[in-house]
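Asker: One structure is given below, represented as structure tokens, and several questions about it will come after.
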Amino acid sequence: MSRWRSVLRTPVGACAALLLVGVLALAVLAPILWSAQADRVDTDAIRQGMSAEHWAGTDDLGRDLFFRVLVATRLSVELALLATLIAVVVGLTLGALPALVGSRLGRYVVAFVNITVAFPGLLLALFLAVIFGVGARGAVLAIGLAGAPAFARLTQTLVAGVIERDYVAAARAAGIGRFRVLLRHVLPNIAEPLIVNATISAGGALLAFAGLSFLGLGVQAPQYDWGRLLGDGLAGIYVTPAAALAPGIAVVIAGLAFNLFGEALAKAVGLTTPLGRALPRLPRRTDSSAPSDAVLEVRELTVTLPSGARAVRGVSLQIAPGEAVGVVGESGSGKSLTALAIAQLVEEPLQVRAERLHFQGADLQAQAHRKLLGTSLAMVFQDPMTAFNPTQRIASQLAEGAREHGGLSRQAARARVIDRLRAVRIHDPERRARQYPHEFSGGMRQRAMIGMGLMGTPALIIADEPTTALDVTVQQQILQLLAEIRAADHVALLLISHDVTVVSAVCDRVLVMYAGRVVEDLPAAELARGARHPYTRALVAAVPTMESDRQLPLTVIPGRMPDPDDVSAGCSFAPRCALADAHCAAEQPELIASADGRRIACWHPAPASLALQES
Amino acid sequence: MLRFDQVTIRYGSRIAVDNVSLTVPDGEIVGLVGESGSGKSTLARAGVGLVAPTSGQVLLGDRPVGLRSPVQLVFQDPYSALDPRMTIGQSIAEPMPRASRADRRAEVSRLLELVDLDPSRAMQYPAQLSGGQRQRVALARALAGQPEVIIADEITSALDVSVQGTVLNLIRDLQAQLGLSMLFISHNLAVVRYVATQVAVMHHGRIVEHGPAPEVLGNPQHDYTRELLASLTT
Ligand SMILES: Nc1ncnc2c1ncn2[C@@H]1O[C@H](COP(=O)(O)OP(=O)(O)OP(=O)(O)O)[C@@H](O)[C@H]1O
Ligand code: SF4
Ligand SMILES: [Mg+2]
């Protein structure tokens, strides 16, 4: 997948990958190539230091240590991987068990895992090594089992996050058994973080194994791994330091390779949230180019899909300080893509282009100004679950941005998190801050996400369907919260919603989008009765009321909005519009502003007076 | 016929559903309204066997409802409703009865058409669909299970008004054509009024009022129902 491949595009990722490939290649090839050299006993050259002939010196029997270190790569890596495999399998089983056996038994498993997690890993490994007996097999089991609790905990957290998703409930309600659900719906959705963590912990296992062998609890002669070589070499560290240094260096390099690669993977596969990426370093206001009093000024914004089709086709809009602007339009009209493009969150392979994209007077298309987004723009998504990393506590996710670009100390950032959680009305914020995202209800997650936006001092909040996933009363509370924040700090709001009623209640002005374009821009108060565009009028008419005739089908807009791939040349609403004529089908109407500040794109708009008469 | 018989559901010490008796007769749509946290979703989950009642029982015909009963649930949140790793087609085919590959594919196409999506979308992943499009997929998936009863939990709350209209019309059509029975949960009285023949009002875990839709909405007896109707006009 492209996200996995993008690891290689970061310098750290590329280096780590190179290092890892090197280590693995060595593990495969070294014993084949150099076993003979490594085992050759030479009694004339015992315990020598470094020399041109023996780069890392020789051991008690005069064997070349450089080659022995190379050859030991295989055993060291093999055993570390084996131990990691055991940790993963046991951890996965323990972690997934609660989901399989039902809640009562599950609680015992969770408690068991919690106890074992609290036990220091290396101590556990030592203890187990003694139980399983001295030797490679015992050590593998010991390190594997010692690593399992951490994995079990991670799996539990991840599974808990996925299992509450509706698609899991839907599958179970469709009669799919728990085990099948686990295999088909849960594991694939938690595979990425698990793989990443397994890679990182393989590095840990490598170190731990070296430790056990070093203590004489691991690999036994005549076999040898790095730990064993290290132990043997340490006796003569003052005479021939290379004998201990060479395996030591090998352990560090290989350990680093796994660790760094794992970290790079984590970055690449989105264990950083889209929000994480939206929060670049260093807050600074940069009023460089043409000053404008608009908070946000967008001109001719276009988003191109990989197919070459344009999902957003030349959107222009302005938001004044403190203004609340709503965006309505049917599903797929490009509302979300517009919002994401403004926040610079649209990713490859989608392409964003704009004639002008200014936020607080700074050009967002210039790389240097994007940092503004981190502190001055708050983004609230429909789906708060995917915006949070399921494996991290709420506090550290909120603090991340503030510590990185606010330069706050750990304590200061923490205090700010708790203060912000309180500001978004989360009860008992000290306790809540320590919890994981799945321990929050939907409404609380949405509050936490707003709180994350408030870690800085936003001038604009972009909220994309912030309440759609929430039920009604919670919806009211979130809208109320947004209104309060706006009133308190004169923050502007761009509220995207499919819900015409919500938008007209909350916003000052409404943009109506259709097939990637703004077709009407009008005061919210005019929406119900004063709309002039046929599409807007149809949209409003489709809302059922207590007076709708129950015998008749509801008024709907016949047909469907064209997908970005097949928008036609003329007005894209033409196939569904009662007023359409040949002109409409042939030529696209431009979005024209009128004297009263309203804008409309239609060849035959309802006259303003007529619209009023009908009301 | 789906029947909740004196169902009580507790979470720890909290009572989510309190001694509810409610029947969804064959071929009828029963609307269930009430504020958030009043226990509507819990009742919905009990209706498909995802939650076991603490006391009382849920019956389909004369048999207790279990996870394999032909009752399907459609959820509110279109983002959480579909497995991001499965294609639209795979998701819809999951609850289908066993059939040949070609039959399944044909059925997936038919269902996509039914919910007003281009059948070529079957190969796409949820990430490529907008929220409203996903919800229509969720509805198609529920229909794929050939249910006797569908429980719809706020299914139009996340939909565009234009699509909401088509979905509501679709639901009425399906009911007329297939004699579909449905428990239709919504906070939106105007929506419930439009599709339901009966309306039940839930408040603090209890059904406080229940009867034919025109009666309940036209001449509400309980204070809470009056409050709901009043809040609508403001
Ligand atoms: N990552 C993507 N790859 C390909 N197509 C995409 C992608 N994201 C969005 N699209 C397409 O772009 C169009 C606009 O999508 P967008 O999500 O902006 O709609 P929307 O107006 O927010 O709809 P909704 O109200 O349902 O959320 C849709 O046709 C959608 O299928
Ligand atoms: S331009 Fe023509 S087709 Fe388009 S909305 Fe106006 S009248 Fe209808
Ligand atoms: Mg959207």
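The numbers here are math on the coordinates, done by the rules we state, and not lab data. Please read these numbers as outputs of a predicted model, since none were measured by experiment. Reconstructed Cβ throughout: ideal geometry from the backbone, glycine too, with neighbour counts over all protein chains shown.
Asker: What 222 nm value per residue comes from the helices of chain A, counting each DSSP H run with n ≥ 4 as -39,500 (n - 2.57) and dividing by all residues, nearest 500 deg cm²/dmol?
Answerer: Numbers: 25 runs with 317 residues, N = 615.
Here the helix-only value at 222 nm equals -16000 deg cm²/dmol.
Asker: Place a point 7 Å from the Cα of A:I592 along the Cα-to-Cβ direction; which residues of the range A:565-580 have their backbone N under 17 Å from it?
Answerer: Taking a point 7 Å out along Cα→Cβ of A:I592, the residues of the range A:565-580 whose backbone N falls under 17 Å are A:571-572, A:580.
Asker: Relative to the longest principal Cα axis of chain B, at what angle does helix B:161-178 sit, 0 to 90 degrees, rounded to 10?
Answerer: With rounding to tens, the tilt is 90 degrees.
Asker: Now a separate question. Where the centroid of each part is defined by its Cα atoms, how far is the range B:39-85 from the range A:104-149 in Å?
Answerer: 39
Asker: Between the helical axis of A:121-132 and the dominant principal axis of chain A, each derived from Cα atoms, what acute angle in degrees is found, rounded to the nearest 10?
Answerer: Value to nearest ten degrees: 50.
Asker: Quick one: if the Förster radius is 51 Å, what FRET efficiency do A:L85 and A:A483 give, using the C-beta to C-beta distance and rounding to 0.05?
Answerer: Between A:L85 and A:A483 the formula returns 0.40.
Asker: Continuing with the same structure: Run lengths n ≥ 4 of DSSP H only: what is the helix-derived mean residue ellipticity at 222 nm for chain B, with -39500 (n - 2.57) per run over all residues, to the nearest 500?
Answerer: Working: 8 runs with 84 residues, N = 234.
Helix-only estimate at 222 nm: -10500 deg cm²/dmol.
Asker: Roughly how tilted is helix A:103-118, in degrees to the nearest 10 and between 0 and 90, from the longest Cα axis of chain A?
Answerer: Its long axis makes an angle of about 50 degrees.
Asker: Mind giving me the FRET efficiency for A:Y238 and A:S51? R0 is 25 Å, r the Cβ-Cβ distance, nearest 0.05 is fine.
Answerer: 0.90
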